[in-house]
Amino acid sequence: MKELQIVLLFMLSSVGLTGCLNEKITVAAFNLSFDRATFKQLQNEMATSRSDQDVLVEAYLEDKDAMNDEDKTKAEKIIQIRNVAAIIQQNRPDVLMTGEFNNHGTGDDLSALHGFQENYLSYSQSLNSIDGGDELKPIYFPVVKSFSTNTGLNSGLDLDNNGTVGRLPGDAWGFGFYHGQYAFAVMSKFEIKKNKVRTFQTFKWSHLPTASNPVITNCDDENNPIPDGFACGDNWYSDEEWEQVRLSSKNHVDLPIVIPTPYGKEVVHLLLSHPTPPVFDTVTQNNKLRNRDEIQFWIDYINGEKFIYDDRGKKGGLKKNAHFVVMGDLNADPKAGDGFRETIAGLIEHPRVNQDATVGEFVPTSTGAAEEANDVLYPERVTSTFGLRVDYAFPSSSLKVEDSGVYWPATGEPGRLLMNDERIGRFGNGKDVSSDHRMVWYTLDLY
């Protein structure tokens, strides 16, 4: 009966929320760290009822060392999901991009997203992690959308040049041990303009005018020997491979959402991506170059460049008068880190981007980041446990910012146990407790 009541309440909320008139909305990006060994594992965790969750969590609290390995692992994953849900309930975004929310590869199977809504977001969570209490109000997202991804999608080529064709993860179009790993999704209170969604999963890296085939430049590293048949200065990909390699490590998506306002409907384009991290390179700067160019794609798209084409063959970039929000874990910091800083700086300082949101008074900050980050120029802007500002949800200059933040409570502040709880997992922080990334959010005034 309880489950039926939740479903009915969810349906009623869906009707009400999408029918509201909005002058202000809150948008957020959050890498949830829901990466799992298989999509089936994530499905199973999300399908676990509240009562079954409670049994596992209570056993964990009583004596986690007495649990069998399978139950203990599942209990820790359920605690992580609950804490992530608590962060979402505390911040209450109207539109949320969820990074590292694995799918079945194509994005058509929404079972894990629905399970997250029905078994976690629809129940009151706690700011106090496994201590309970301080219950938060459930949150409902009537619209969910997952996207096809290049991660774990076998290319059928020897992209890592190890002499074996079509072996994952190295020969996938985007690094992944199975198709759907590291995917991303959107949860929204507003409808999607479905006939205007554009995806760029198959856009070729070589078709970006500023791109170049990675070259072997790390030539004397005993830990990273040059593959047989290659020499210092050689291109990493053959000419035939370079013509086929896809730019996006996951996908690039232009998702228009329709927001009812007192003055009519407004369309805001969510520009979604999760570029590869600019690290883990061996004899080339493959990942570093790809991260740069995945970000460069959005600069060109916002500029309306005509060379761009989507997966349906439609050419051209964003229209000049379009509202947009750039969202995602871009794995790049304009002031620090291993990436090409000038490219991410070029995006956040683009003339069509709201400068107050990216470099001005409304740059998202937190007290928790300022407390923990070291040796960086702007520690309060850091969005990850590895000390970099890599997560973004910034709007176009056509949208006014009213407020912003990085959700990262400092020691002694409510919600701190959602970030640091030494009782959970091996390390008591990062992915053990919730995520190694922090939610970044903006409240936007549409008028």
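For a 4.7 Å threshold on C-beta separation, the list of partnerless cysteines in the chain reads Cys20. Rounded to the nearest whole Hz, the Karplus-based 3J(HN,Hα) values (6.51 cos²θ - 1.76 cosθ + 1.60, θ = phi - 60°) of the range 58-65 follow the sequence 5, 5, 5, 5, 5, 6, 5, 6, with x at glycine and proline. Of the residues Tyr237, Tyr442, Tyr378, the one with the fewest other Cβ atoms within 10 Å heads the list, and the complete ranking is Tyr378, Tyr237, Tyr442. Largest mean-square fluctuation among Ser111, Ser51, Ser122, in a Gaussian network model of the chain whose springs join Cα atoms under 10 Å apart, belongs to Ser51. A P(r) calculated from all alpha carbon pairs of the range 2-445, with 20 Å bins opening at zero, reads 25, 58, 17, 0 percent.
By the rule of a C-alpha distance below 13 Å, with chain neighbours fewer than 8 residues away ignored, the aspartates and glutamates paired with Lys431 are Asp35, Glu76, Glu100, Asp421, Glu422. What is the chain's relative contact order, in percent, from Cα pairs under 8 angstrom and six or more apart in sequence? Relative contact order here is 17 percent. Over the chain, DSSP H runs of length four or greater, each weighted -39,500 (n - 2.57), average out per residue to a 222 nm ellipticity of -7500 deg cm²/dmol. In sequence order, the range 26-40 has phi-based couplings of 10, 10, 8, 10, 8, 7, 7, 6, 8, 4, 9, 5, 9, 5, 4 Hz under the Karplus curve 6.51 cos²θ - 1.76 cosθ + 1.60, θ = phi - 60°, and Gly or Pro positions carry x. Here the label points at Glu23 and Val215, each 7 Å from Cα along the C-beta direction, are separated by 5.7 nm in the simple model.
With R₀ set to 41 Å, the beta-carbon distance separating Glu402 from Asp228 gives a calculated FRET efficiency near 0.10.
Here the spin labels are modelled as points 7 Å beyond Cα on the Cα-Cβ line, and at Glu422 and Asp108 they lie 5.0 nm apart. Report, in listed order, any pair from Lys265/Lys314; Lys40/Lys64; Lys196/Lys315; Lys24/Lys194; Lys204/Lys306 with a Cα-Cα distance greater than 19 Å. Result: Lys265/Lys314; Lys40/Lys64; Lys24/Lys194 exceed 19 Å. When you filter the chymotrypsin sites (Phe, Trp or Tyr not before Pro) in the range 306-337 for DSSP loop state and at most 13 other Cβ atoms inside 10 Å of their Cβ, you are left with Phe307.
Each residue of the range 190-198 was assigned a 3J(HN,Hα) from its phi angle through the Karplus curve 6.51 cos²θ - 1.76 cosθ + 1.60 (θ = phi - 60°); the sequence is 10, 6, 9, 7, 4, 6, 10, 5, 10 Hz, with glycine and proline shown as x.
Any read-out appearing in this document is the output of simple, stated calculations on the displayed coordinates, not a laboratory observation. These figures come from a predicted structure and were not determined experimentally. Methodologically, a virtual Cβ is constructed for each residue, glycine included, from the backbone with ideal geometry; neighbour enumeration extends over all protein chains shown.
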